[in-house]
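Have a look at the structure below, then the notes.
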Amino acid sequence: QVRPVESGGGLVQPGGSLRLSCAASGSIVSIHAMAWYRQAPGKQRELVAVITSGGSTNYADSVKGRFTISRDNAKNMVYLQMNSLKPEDTAVYYCKDRLGGYWGQGTQVTVSS
């Protein structure tokens, strides 16, 4: 099962960009549908983006056109490139096997001026 460690979060101004990284151990990310989730204060965790084992991607409507999920099979890493960030993107972001595996500690993203 995939054990993820997320990194790359931080404080960014509206309109800025961040690239989140997910280092996976325990299994090979290329054989899993990997996903990024986020949880904002006081809200339920939501699915942000998915990349299937075949490389197809899918996004929540709220991030479509701004976020890009990708995978580096050689490094066993999953990434989330986030552009045109908005204050409503503020949340803790998590990487996880879409169909199982473990939750990591997440990485905090704060979008504020």
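The values are calculated or read from the model by the stated rules, or taken from the named source; none is laboratory data. Given the structure is predicted, the values throughout are model-derived calculations rather than measurements. Cβ atoms come from the backbone with ideal geometry, glycine included; neighbour counts cover every protein chain shown. Note: accessible area is taken over every heavy atom of the protein model, side chains too, but ligands, DNA and RNA are not part of it. Shrake-Rupley method; radii C 1.70, N 1.55, O 1.52, S 1.80 Å.
Overview of values
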| quantity | calculated |
| --- | --- |
| For the chain: relative contact order, % (alpha-carbon pairs under 8 angstrom, 6 or more apart) | 39 |
| Geometric extent, Cα atoms of region 1-64 - Rg, Dmax (angstrom) | 13.2, 36 |
| Karplus (6.51, -1.76, 1.60) ³J(HN,Hα), θ = phi - 60°, over region 55-66, in Hz, Gly and Pro reported as x | x, 6, 10, 8, 9, 5, 4, 5, 10, 4, x, 10 |
| Considering only the chain, percent of DSSP beta bridges that pair antiparallel, nearest 5 | 90 |
| Pairwise Cα inverse-distance average, inverted: Kirkwood Rh of region 55-113 (Å) | 13.0 |
| Local electrostatic count at residue 56 - Lys and Arg +1, Asp and Glu -1, tallied over other residues with Cβ under 13 Å | +2 |
| Solvent-accessible heavy-atom area per residue, rounded to whole Å², over the chain at 1.4 Å | 51 |
| Probe 1.4 Å, all protein chains present, accessible-area order of 59, 37, largest first | 59, 37 |
| Distance histogram in 10 Å bins (all Cα pairs of the chain, percent per bin) | 16, 52, 28, 4 |
| Segment residue 47-residue 99, extension gain: residue separation times 0.36 nm, minus the distance between their alpha carbons | 17.5 nm |
| Check: region 38-113 dipole with +1 on Lys, Arg Cβ and -1 on Asp, Glu Cβ, in debye | 40 |
